[in-house]
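All remarks here apply to the structure that follows.
The values are calculated or read from the model by the stated rules, or taken from the named source; none is laboratory data. Here the structure is a predicted model, which means the values were calculated and not measured. Heads up, the Cβs are rebuilt from the backbone with ideal geometry, glycines too, and the neighbour counts pull from every protein chain shown. Surface areas here come from the heavy atoms of the whole protein model, side chains and all, with no ligands, DNA or RNA. Shrake-Rupley method; radii C 1.70, N 1.55, O 1.52, S 1.80 Å.
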Amino acid sequence: MKNVSKQSGFTYAKKILDDPDQAGLIFWLGFRPFDEDELAVLIDSESTAIELALQKLRENGVVNPIKDDKQKWTLSNDGEDLRNMLISLSVWGRQRMDDQEEIIPQLIVEPEQMADLKSLVKFRDEVVRKYMNI
């Protein structure tokens, strides 16, 4: 019999999303499949940290356990659901912050799905980090 935890489901999900590497992987892998080297650039983290975060997400069923045909990582259906919640919470929070500061919210336009890494890093630095701690 497994040990039943007293933490709530929200606390469990929050623990995953509080980790910038795991949250970053969830965000970027929902954008398109990436390999470890590309993820290290986008998340701006060491490859060992990326591999550990990937392992945790695979164990939680967020990332598919095997790579796709191009040897890139992808989100599972549960991972896609979690990404949608992450984005919704992040946009909601940023909108509340902007409202309190009487700032007109920025219109967000995601880059093309096949954008190069340089464009994605620019998008991360100029847009994504305003919404998420990744």
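Where in the stretch 1-49 are there GluC sites (Glu not before Pro) that are in a DSSP coil and have at most 13 other Cβ atoms within 10 angstrom of their Cβ?
The qualifying sites are Glu46.
List every residue whose amide H lies under 5 Å from the amide H of Phe34, counting only residues 5 or more places away in sequence or on a different chain, with H placed 1.01 Å from N in the peptide plane.
For Phe34, the qualifying residues are Trp73.
GNM on the chain, C-alpha springs below 10 Å: top fluctuator among Leu120, Leu54, Leu89?
Looking only at Leu120, Leu54, Leu89, the largest GNM fluctuation is found for Leu89.
With the calculation restricted to Cα positions, what are the radius of gyration and Dmax of the chain in angstrom?
Radius of gyration, then largest Cα-Cα span, for the chain: 15.6, 53 Å.
So, with a 1.4 angstrom probe, what is the percent of accessible area on the chain that is carbon and sulfur?
53
In percent, how large is the relative contact order of the stretch 30-134, given Cα pairs closer than 8 Å and 6 or more residues apart?
Computed value for the stretch 30-134: 28 percent relative contact order.
List, in order, the whole-Hz ³J(HN,Hα) value for each residue of the stretch 51-58 obtained from phi through the Karplus relation with A = 6.51, B = -1.76, C = 1.60 and θ = phi - 60°; use x for Gly and Pro.
Values per residue, Gly and Pro as x: 4, 5, 5, 4, 4, 4, 5, 5 Hz.
Taking the Cα centre as origin and putting +1 on Lys and Arg beta-carbons and -1 on Asp and Glu beta-carbons, what dipole magnitude results for the chain, to the nearest 20 debye? Please list the in-between numbers first.
Details: 18 positive and 25 negative charges, 102 e Å.
Using Cβ point charges on Lys, Arg, Asp and Glu, the chain gives about 500 debye.
Pick from Asp69, Asp18, Asp116: which is most flexible by mean-square fluctuation in a GNM of the chain where alpha carbon atoms under 10 Å apart are linked?
Asp69
Once you have the Cα-Cα distance between Gln7 and Glu102, take 0.36 nm times their residue separation minus that, and quote the gain in nm to one decimal.
Stretched out fully, the Gln7 to Glu102 stretch lengthens by 30.5 nm.
Can you find, among Asn133, Leu86, Pro111, the residue sitting farthest towards the positive end of the charge dipole of the chain, where Lys and Arg contribute +1 and Asp and Glu -1 at Cβ?
Highest projection toward the positive end goes to Leu86.
Mind checking the dipole of the stretch 21-88: about its Cα centre, +1 per Lys or Arg Cβ, -1 per Asp or Glu Cβ, Debye to the nearest 20?
180
Set the Förster distance to 35 Å, then compute FRET efficiency between Ile66 and Glu112 from the Cβ-Cβ distance, nearest 0.05.
The formula returns an efficiency of 0.85 here.
Strictly over 25 Å apart at the Cα level, which of Lys67/Lys118; Lys72/Lys122; Lys15/Lys70; Lys72/Lys118; Lys15/Lys118 would you flag in this model?
The pairs that break the limit, which is 25 Å between Cα atoms, are Lys15/Lys70; Lys15/Lys118.
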